[in-house]
Structures are given as C-alpha cells and as structure tokens.
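The values are calculated or read from the model by the stated rules, or taken from the named source; none is laboratory data. The structure presented is a predicted model; accordingly, all values stated were derived computationally and were not measured. Methodologically, a virtual Cβ is constructed for each residue, glycine included, from the backbone with ideal geometry; neighbour enumeration extends over all protein chains shown. The area values use the complete protein model at the heavy-atom level, side chains included, leaving out ligands, DNA and RNA. Shrake-Rupley method; radii C 1.70, N 1.55, O 1.52, S 1.80 Å.
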Amino acid sequence: MKIIHTADWHIGKMLGGFSLLNDQEYFLDGLLALMREERPDALIIAGDVYDRPVPSGEAVGVLNRFLSKAILDLKVPVLMTAGNHDSRERLSFGSELLSSAGLHIAGRLSAFPRKVTLMDQLGPVHFYLLPFVDPAAANSLFPDPASKTYQEAFDKAASPIVNVADFSERNVLICHGTFCRVKQDGVSAAEESVGGADLVDLRQYRDFDYIAAGHIHRKQNIASNMRYSGSILKYSPNEHNLSPSVTLVELGQKGVLSIGERKISILHDLKILKGQFDRLMAREEPDSDYVFAVLEDKELILNAAARMREKYPNLMGLSYDRKNEERVGTLTARENREKSLPELFRDFYEHVNSEEISAKLLAAIENITGETAPTEKGGVK
Ligand SMILES: [Mn+2]
C-alpha cells in the first residue's frame, strides 16, 4: 500500500504581514500532480490543517478545493486529524457524513478513536486517527485518574486503540505532538537528555507498522517506522534552512517496505539575507522570494526597509546584526541618574553603534558639557 504522509499545512498562515495562501494553493496543486503520478492509496494530514482555530473563509476555500479534487477526481481517500492549531469541533464538522465519500476526519478526542480500514491487493490496512492530545483534553474524556503529563495523556488516549488493534494485521497510527526519537536498541532519546514537559515516548507503540506524526516542522525519523513528514512550507525565519517535502511510505505484507521523500515545487522560497545594505542592494534583478534581511551596517540606514523593497518586494522583516549588544547591558533608571552627561552619551553611542567610543569624541563631549566621564565604567554589566 502506498501512502503519502504530510502534516502541518497551517492553511491561512500569515507571516511578516504577508498571507501565504497563494503559496499554499500553489503547493497543493503540486501535491495533486504528485498524487496523479503516484496514485497513492491514501493521503494523511497529521494535524495543524489550519493555522488558526477559526480559519478565514479564503483558507477554508483553499482546503475545500483541494479535498474535492483529491477525493472526487483522483479518488484518493484523505485521513486528517486536528493538531494543536485546529479547533477540534470545527474540524470535525460533517465528519460522519464525509467519511462515506472518502474524507476521514478526527477532530475531537474520542473514547472510540476513528478507525479507517483501506484495502489493497495484500489485504486490509487499519488507520487509527488520534488528534492532538494534551492533559486537559485527555482529562475531559478519562478523568480518573487525571493525567498530569503529556505522556500519561497520550497513553490514555491511545489505549482504546492499542486495546482493539490486531497487530497480526497492518496498522498505521496518525498522531500529533512532540515525540522523542526512539533508537535502534529501543532506548529512547529522552533517557539521555532532559526533555520538555510535553515530550512523549512512542517506544511502546513500535508494533504499529507505521506511525505518521505531525507537529515538528523539520522532517525526521522518530524510529525506522515512525516519522515526522515536516511542514509543507517554511513557516518562520527559524525554518529558513528546512527543506520541506512530503513522505511517501510503502507498506508490504507486514511493515514498511520503503520510506521516501518527494519535493514539491514552491512559489517563493523563504530566506535570511545577511550583509551590508549596499551589498544586498547590489543585485541586478529583483528577488521575489520571502526575505528576512539582517543588516551588518554599523550606522542605521534611513528608510532601509522601503528601499530594500525595490529589490526585494517580498521583504518580510529587517533587523540589524548587533553582535556586541550584550556588552552594553541594560541600565536601570537609577543607574542612569547617577551618571554624568558624557557617560550617558558614551553608553548611548556604544549601544547604537556596537563599538567603543573614540577618546577624541568623548573628549569633545566632555568639553561641551563641562563634565567628565570616569575612565572605568561603573555598574554596567
Ligand atoms: Mn502543531
């Protein structure tokens, strides 16, 4: 059985004042082309379908158009779960009605998790759809005893699945959360490092033939048969060096035959450009990618963002590289009151320019104000 695993679509995402909806629609057209070519038996969206609990009308339209083409034209069933960004209730709308058409949605957490069985020539594959689980959601369903950690909550929510699953057959678990890497020998990465409070260990779920995870935007394996597909696009400047793709999984008689990646073309790349203003402006042709500029100039550039937009119309953000900022430190009002004018001027100059004031300039200020600055800085860390 051939499955396309995706996650973290974040439809309707805004970044740097720009709507990414055109980029998302462009990507989804590419995904439809890939589905036409690969003819998968199912498409998985492992949570964070939308970026917000109340998506815009335009965002709903983009998803609706995609799902109609995927399911009605290409006849590919879609399995979709709620991530932490989605409203469980809104995503669940029509889910009972839509499953007969091939759209399988798990928004709400349920004591009877949604199970979807698809057939291929080798027999059935059972998909278990587990929406995002946090302690609050788990406790509303399984209050006794209350889950305090994400691990307890996840195990509680997954227990009905594990109880009914027949592991002699083929089973796929779809889930959304922060899962730690499970190593070959069965040791979990969480045992080696102190993980976050929301970290969940999937070791006890190794009997699933494949686990399709969402939430972490960087694609990566959790174990040989568990994986984050990663987000479909780069969604923040921190993600500028990600290389988004979708995951293509083939299941054999039992277990995974192969896991591969497929790149889908994008409308705009997202990148960080670092350098001096003049150098960044020296290019001939405009660059239409999404750009976060980090200027290495010592002086502030007048109207830098507006001027950069002539060459970079999709400039999303601009900042100055201030390597030595921490040297200046933070001053309290009381510390400032105790300072002489030349001292205040020196601190201001060094804060803005990230370099030491020259003796000549400081002498000139002392001359003008008739005050002197102590040679050693006091009280500044
Ligand atoms: Mn998420």
Is it the case that Val76 is in contact with an Asp or Glu (Cβ under 9 Å, 6 or more places away or on another chain), closer than 18 Å to His5 by Cβ and in a loop (DSSP other than H, G, I, E, B)? yes
For segment 88-113, what are the residues that are within 16 Å of the ligand (Cβ to nearest atom), open to solvent by less than 20 Å² (accessible area, probe 1.4 Å) and outside any helix (DSSP H, G or I)? Ala106, Gly107
Taking the residues in segment 183-207 that are over 26 Å from Ser87 (Cβ atoms) and at pLDDT 85 or above as candidates, determine which candidate is surrounded by the most Cβ atoms within 10 Å (Cβ to Cβ). Tyr205
Given (1) within 21 Å of Gly17 (Cβ to Cβ); (2) in the same structural domain as Met119 (by TED's automatic domain parsing); (3) open to solvent by less than 40 Å² (accessible area, probe 1.4 Å), index of the condition Leu280 fails: (2)
Taking only pairs six or more apart or across chains, which ones have beta-carbon atoms under 7 Å, a first residue in segment 56-84 that is open to solvent by less than 30 Å² (accessible area, probe 1.4 Å) and among the hydroxyl-bearing types (Ser, Thr, Tyr), and a second residue that is part of a strand (DSSP E or B) and away from the ligand (no atom under 16 Å from the Cβ)? none
Taking segment 136-177 as the search range and keeping residues that are within 16 Å of the ligand (Cβ to nearest atom) and farther than 22 Å from Asp207 by Cβ, which one is least open to solvent (accessible area, probe 1.4 Å)? Ala137
